[in-house]
Structures are given as structure tokens and as C-alpha cells.
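K.L.:
A single structure is presented below for examination.
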Amino acid sequence: MSRGVHLVLEQQLCPAGTGLLIPKTSDGRVMFVLPFQGRTLVGTTDSPCAVGEATTVSAAEETFLMDHLRRWFPGQPTLTVSSRWAGGRPLIQPDSDRGSSKVVREHEVERLDCGLISLLGGKWTTCRVLALDALKAIAAELNQTLPAPVLLPLLGADSSPAQSLASLAALRARLEPLTPTGPLQRRQIDHLIANYGLQAEQVLEQAMDSSEAMPLSAVVPVCLAEWRYNIRFEWAKTSSDLLERRSRIAFLDQAEAERLTPEAESLLLASSISPINHQPKP
């Protein structure tokens, strides 16, 4: 297991939204600095660790990242970390004894004589490739051929990319009278379209009254209507579901997520909406 630590900074360090890659740190690793929803994402470390420590950000790793960042941005007087998180990479140990940074980030599909198929290694960013390789192994085990893939539009998209662009442009105009006027209105519309596409109107339809369309935060302009949608149609069950896995607020600003936690828990407790096993109509 190798731990990767990521930091989010309040300051925007990426000019014109362009990501930066530092090709070689003091110990020979790669470091990236990326635009991230109005802030800056910095990563990553690569430290061998026990499984139980995989999600813990160590002080040494944070210091390592911040020290390198200050070398590359010496004119930036203040660098404020608003969120931090860590995750474990399940690496396949090679025969030779090498450090985790030298281990290739590939996956393997293992097939045993008994028919057991196991997926080893890999990363979240390669999960689709890993799944396809697993399906190929299963088809080979059953002496079958995989059918040709079927193209399906993404949830919230139209029948074709061109039609999606036209439909989203028309949707933007329809969302203006449905969202509260004010400094966050444009960002709220952008947020709804980016996250829900052509289902954005159905998100706002969950509002019990007009006040539930009001943004709850300037970090990410979520509203109570959106949380109701998450609960009913996206199976959100906890405040972490709402603040981490749906809106990503906690990944941007942990203090803001803590502020909103009581309101999220109150809505979850009071909500009489039961999750249903289907998505809303397209």
C-alpha cells in the first residue's frame, strides 16, 4: 500500500486555468499543481504505509508538498490549505525490492486453474480499463465472445453531442428565472448544468418553496432542493454523501463542510423522501 496525499489551497496558482507539472522533486518524484473549482489542487506524495494509515495525512507529507510549492511560487506571500485528504494505492509488489515510487501503476488480471479471476492493483483513474480487462477474462473463461459495446448518452445528456450543446444552451436560459438573483446566480447555474446536465430543472423542482433554491455556500452553490434531489434520486444517506460525494464541498473547504453538516443532518433526519431505485425521467 502506498499513500498519496492531496492538498487544496484557497489561492488560485494556475494562470488562466492551466495545470502545472513539476517534473522532479527533491526525491525524484513528480508533483502537480492543478486548477480545482476555483482553488488549487496540489499532489501527490508516494509513501509506503500500513492499510490502516492509508487515509491519514501526515505532517511530514504536507510539509513536503508545501515546501516544494513555496520554491516554485516564491512571490506568493500566503498559501492557505483549505482541505486535505489521502488515499491508498494497492500496488503490486515486484520481485525486486524497490521503493513504492518505482512500482509500475499497472493492474493485473489473475486467472487461476479453478476459474477464480482476481483484479490486482490499478487506480481509480483506470477503473474502466480494468473492468473491460476483467470482462475479457470472464468471456475467455466461459469460451464466449464479448458483444460489441453499445453507445449510451451520459445521464443528463441528449441523444448526440451536438444536440446536447443546443439543449444545454436552451436550458441555461430557462434556469435564470428559477434561480435566485444575486452574486451567486451565474455560478449556481454553471454548477447545476455541470453536475446534472439536462436534469438541472428537475433538481430545482424538489424545492418545497422558493427559499430552498437559495445557495447555502459560496464555496459550491448547493441548495436544499439539490440535497433533496440527492436524497431521493442519488441515494444520499449521510451528511458525508451530501458534502463529499455529491457536492465535493469537503474536498474544497473542510471548515465549510463542518459548518453545513448540522443542516445536512437535519434535512436527512426530517426528510420523508425514501430513495427510489430509478433515475428521474430524462
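K.L.:
Based only on Cα atoms, what Rg/Rh ratio does the chain have, Rh being taken as Kirkwood's radius?
P.N.:
On the way: Rg = 22.2 Å, Rh = 22.1 Å.
We get a ratio of 1.01 for the chain.
K.L.:
To continue, here is another question. Once you charge only the Cβ atoms, +1 for Lys and Arg and -1 for Asp and Glu, what is the size of the charge dipole of the stretch 2-92 about its Cα centre, to the nearest 20 debye?
P.N.:
180
K.L.:
Only Cα pairs within less than 10 Å get springs; with that Gaussian network setup on the chain, which residue of Leu132, Leu216, Leu112 has the largest fluctuation?
P.N.:
Leu112
K.L.:
DSSP H helices in the chain with Cα extent of 15 Å or more along the helix axis and mean Kyte-Doolittle hydropathy at least 0.0?
P.N.:
Working: long enough: 59-72 (20 Å, -0.60); 127-141 (21 Å, 1.08); 161-175 (21 Å, 0.57); 185-196 (16 Å, -1.07); 254-270 (24 Å, -0.16).
Helices meeting the criterion: 127-141, 161-175.
K.L.:
Along Cα→Cβ, 7 Å out, is where each label goes; now give me the distance between the ones at Glu53 and Lys237 in nm to one decimal.
P.N.:
Those two pseudo-labels are separated by 3.1 nm.
K.L.:
Please report, in debye to the nearest 20, how large the charge dipole of the stretch 150-237 is about its Cα centre when each Lys and Arg carries +1 at its beta carbon and each Asp and Glu carries -1 there.
P.N.:
140
K.L.:
Give the distance, in whole Å, between the Cα centre of the stretch 1-66 and the Cα centre of the stretch 228-262.
P.N.:
If we compute the Cα centre of each part, the gap is 23 Å.
K.L.:
With point charges of +1 on the Cβ of Lys and Arg and -1 on the Cβ of Asp and Glu, referenced to the Cα centre of the stretch 161-270, which listed residue (Ala250, Leu178, Ser167) lies farthest in the positive direction of the dipole?
P.N.:
Ser167
K.L.:
Ranking Lys123, Lys136 by Cβ neighbours within 10 Å, fewest first, what do you get?
P.N.:
So the ranking, lowest neighbour count to highest, is Lys136, Lys123.
K.L.:
Using per-residue counts of other Cβ atoms within 10 Å, averaged over each peptide, order 57-66, 83-92 from highest down. Write down the numbers at each step before the final one.
P.N.:
Values: 57-66: 15.5, 83-92: 17.5.
Per-residue Cβ counts within 10 Å, averaged per peptide and sorted highest first, yield 83-92, 57-66.
K.L.:
Using a 10 angstrom cutoff on alpha carbons, build the Gaussian network for the chain and name the most mobile of Asn195, Asn230, Asn143.
P.N.:
Asn143
K.L.:
Go ahead and estimate [θ] at 222 nm for the chain from helices alone: -39,500 (n - 2.57) per DSSP H run with n ≥ 4, summed, over the residue count, rounded to 500.
P.N.:
Working: 8 runs with 92 residues, N = 282.
After summing the helix terms and dividing by residue count, I get -10000 deg cm²/dmol.
K.L.:
Can you give the charge dipole size of the chain about its Cα centre, rounded to the nearest 20 debye, using +1 on the beta carbon of Lys and Arg and -1 on the beta carbon of Asp and Glu? Mind dumping the intermediate values first?
P.N.:
Values: 27 positive and 31 negative charges, 113 e Å.
Approximately 540 debye in magnitude.
A short reminder: the numbers here are calculations on the coordinates, not readings from a lab. For clarity, every value in this text was computed on a predicted model and none was experimentally measured. Every residue, glycine among them, receives a Cβ derived from its backbone with ideal geometry; neighbour counts consider all protein chains shown.
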